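Worksheet: one structure, shown below.
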Amino acid sequence: MPAYNEEHSIGGVVRNIKALGEGYHAIVINDNSNDQTSLIAQQEGAIVIDLPCNLGIGGAVQTGFRYALANEYDVCVQVDGDGQHPTEKVPYLSKTLNEEKCDLVIGSRFVVKTDYDISCMRRIGIQIISLFLWLSTGVSIKDPTSGFRATNRKAMGLFAKDYPQDYPEPQSLIFAHKYRFKVKEVSIEMKNRMHGTSSITSLKAGYYMIKVLLAMFIDLFKKP
Amino acid sequence: MQIFIGLISLAFFVLTFELIRKRILREEYAILWLFTSLFIAILSLWPRMVPLISKITGFYYVTALLLIVTVFLIAMLMHFSTVISRIKDANKELTQRYGLLELRVREMEQNMPS
């Protein structure tokens, strides 16, 4: 669970993960927040990794993969610290991963219509990214920007070594294609953000999209 | 004009030297700047070098000289970009390891019988 200044929501998310029962550990990567995120997460019983510099979401998530790999977790599920991902679906994601023998399972907002409120610009942006992904790799993922995803040990190992830092969610799908991961997308109903603002505002969506596409395009040619 | 260029090269040289002395600039990057200032110094002490260079290279116009300078500057900027990228990668690696190690230390301390 990457978290940057999520003191209002992190406690609830950690509690929900812990409520899933034994075998589920809440691991929070505190990306050098300047609020109480780390303290609150620790009080709720999460394993907290405090980063001394702000790395951004990619670096934080990669730290999680490294931890999960080193501590021999079978499945690693990435969940946002802001409470928009339904934590009760974590077992569903990991079950799909195991049963369908996938390397990466993405919890998606758009596979079937859910009542998730999202701005029009963002929706178009995501569709264009999705189209680009399909054209360049032949993989059809409707919600490539979703940060609610499960990985197995194979994916963890590769992502621990090499994980995109700028726009990790869509870029990592290009990586996944290059490493020949088996990827599956499942529909998940998302809540609206309870606290904080998304890293992508509606106005900046267009600019964001162009940068993402460029980064993904370059990833296609990157040496492993 | 000659004195002006000479002063520039001198100031450049002193600045580079001072930065190394104060350990703000590392020697490996300083060498480049020292050579640059040396080149400007030669230019000011021996102005006839410019027509000589023109003769050798065939560049007779100021614009051509400007082009050379621009290419030099762009190459420098590219070099610095690669250096920054490398430092950022190293920083990421260190930050991640630091975070993971700190957690291990904290857990070990908690498990230790006091």
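What residues of the stretch B:1-40 lie in the reach of a label at residue B:50, counting those whose backbone N is under 20 Å from a point 7 Å from the Cα along Cα→Cβ? Label zone hits: B:1-13, B:36-40. Take the accessible area of B alone and of A alone, subtract that of the pair with a 1.4 Å probe, and the total buried over both chains is about 1200 Å². Per-residue shielding of B:100-112, expressed as the average number of other chain Cβ atoms within 10 Å of the residue Cβ, stands at 2. Residue A:74 to residue A:135: FRET efficiency via 1/(1 + (r/R0)^6), r the Cβ-Cβ distance, R0 45 Å, to the nearest 0.05? Approximately 0.85, to the nearest 0.05.
Which of A:184/B:88; A:89/A:154; A:89/A:223; A:142/B:92 have a Cα-Cα distance over 24 Å? Check vs 24 Å cut-off fails for A:184/B:88; A:89/A:223; A:142/B:92.
May I ask for the longest run of chain A untouched by trypsin sites (Lys or Arg not before Pro) that are loop-located per DSSP and have at most 15 neighbouring C-beta atoms (other than their own) within 10 Å? With a cap of 15 other Cβ atoms within 10 Å, the longest stretch comes to A:1-100. In a simple Cβ point-charge model (Lys, Arg +1; Asp, Glu -1; nothing else charged), the protein assembly as shown has a dipole of about 1180 debye relative to its Cα centre. Site pair residue B:82 and residue A:88 shows an inter-label distance of 5.5 nm when each label is modelled 7 Å from Cα along Cα→Cβ.
For chain A, give the share of DSSP beta bridges that are antiparallel, in percent and rounded to the nearest 5; count only bridges with both residues there.
That works out to approximately 35 percent antiparallel.
Taking only alpha carbon atoms, the protein assembly as shown gives an Rg to Rh ratio of 1.13, where Rh is the Kirkwood radius. Modelled spin labels at residue B:32 and residue B:4, positioned 7 Å past Cα toward Cβ, are 2.8 nm from each other. Largest to smallest in accessible area, the residues B:95, B:70 fall in the order B:70, B:95 (1.4 Å probe, all protein chains included).
Counted residue by residue at 0.36 nm each, then reduced by the alpha carbon distance between them, the extension gain from residue A:101 to residue A:39 reaches 18.6 nm.
Note on A:51-60: average number of Cβ atoms from other chains within 10 Å of each residue's Cβ is 4. Placing pseudo-labels 7 Å out from each Cα toward the beta carbon at residue A:179 and residue B:25 gives an inter-label distance of 4.3 nm.
The values are calculated or read from the model by the stated rules, or taken from the named source; none is laboratory data. If you're wondering where the values come from, they're calculated on a predicted model, not measured in any experiment. All Cβ positions, glycine included, derive from the backbone under ideal geometry; neighbour counts span all protein chains shown. When the accessible area is computed, the model is the full protein with side chains, heavy atoms only, and any ligands, DNA or RNA have been set aside. Shrake-Rupley method; radii C 1.70, N 1.55, O 1.52, S 1.80 Å.
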